[in-house]
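The values are calculated or read from the model by the stated rules, or taken from the named source; none is laboratory data. Quick caveat, the model's predicted, so the values are computed rather than measured. Positions of Cβ are generated from backbone atoms using ideal geometry, with glycine treated the same way; all protein chains shown enter the neighbour counts.
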Amino acid sequence: MVGFSSVIVPLYALLSGVAAHGSLKAVEVNGKKYMAWQINADPYEKGPLVRYARRVLNEGPVKDFTGKGITCGDAGNQAAAGIIPVNAGDKVKLIWDQWGSSHSGPVMDYMAKCTGSDNCASFKGDSGPVWVKIDQAGYDTKLNPPWASDRLGRQNATWTTTIPKSLAPGDYLLRHEILGLHVAGKRMGAQFYPTCVQIKLTSSGTANPKGIALPGAYQPDDKGILVELWRVNQGQVQYTPPGGPVWNGV
């Protein structure tokens, strides 16, 4: 006969693991809040919805970080209806519904300029070196807590990034991402949580830099992806987030 506690413990562990996940809820710029895809409500709404971030399936990670889901998530990377007006140099606050501290890892932000006659309406950013890293934070023992995603959790599940002043004006995707390393010691175990926000950038800048390709830049054996979290926490290995350095134009 199976004991009661043997059923409850695995169930509790399962629920705890689910609760540790999260998704982007809203974006705040210059005091105004713009809604992202609401995973628990929007699929049941009738009629058009004005959202400013591309749809995500759920609060879990992408299924395959070497495939096209890594670009903007596994929900098909379809354009959102809205686009957020942003000035060069503005701070963009990214607000998650929740984030659990058991999913420690880096936080990264990229931008890709939407190309084509319809700007972001058909642009997916899933081919070519279009993603420019504008911000990243990994493991820093001078900060408390050292892991960036843990700090995000403590900051009411928020993260703030600054739009570079030197970028040329235009329509962009702002790709915000958390990488959970709690099971990254196993190949393909790293958990990526990307989401893409649509912004219209007003700027006097002229830079149109090249960056990395997503998919393509993240490989299963990269040192920033295949890593044992406990070894970083104990100071046995140095940690550098994947995707290369932050663009030198920031």
Practice task
Please list, ordered by first then second residue, the pairs with beta carbon atoms under 8 Å, 6 or more apart or interchain, first in the range 192-206 and at positive phi, second at pLDDT below 95.
Solution key: none
Practice task
Go through the range 230-250 and count every residue that is closer than 22 Å to SER101 by Cβ and not polar (S, T, N, Q).
Solution key: 8
Problem - Selection count, the range 201-221, where residues are surrounded by 16 or more Cβ atoms within 10 Å (Cβ to Cβ) and part of a strand (DSSP E or B) - result: 2
Exercise for the section: Give the range 222-233 a look and list any residue that's of a type outside the set (Gly, Ala, Ser), under 30 Å from GLY76 (Cβ atoms) and either under 17 Å from the mean Cα position of the chain (by Cα) or not in a loop (DSSP other than H, G, I, E, B) (or both), or say none. Expected result: ILE225
Exercise for the section: Go over the candidates LYS63, LYS33 one by one and state the one that is assigned to a strand (DSSP E or B) and at pLDDT 95 or above. Expected result: LYS33
Handout entry: Candidate set from the range 241-250 (those that are surrounded by fewer than 16 Cβ atoms within 10 Å (Cβ to Cβ) and either over 26 Å from ASN87 (Cα atoms) or of a type in the set (Gly, Ala, Ser) (or both)); member that is modelled with the highest pLDDT
Key = GLY244
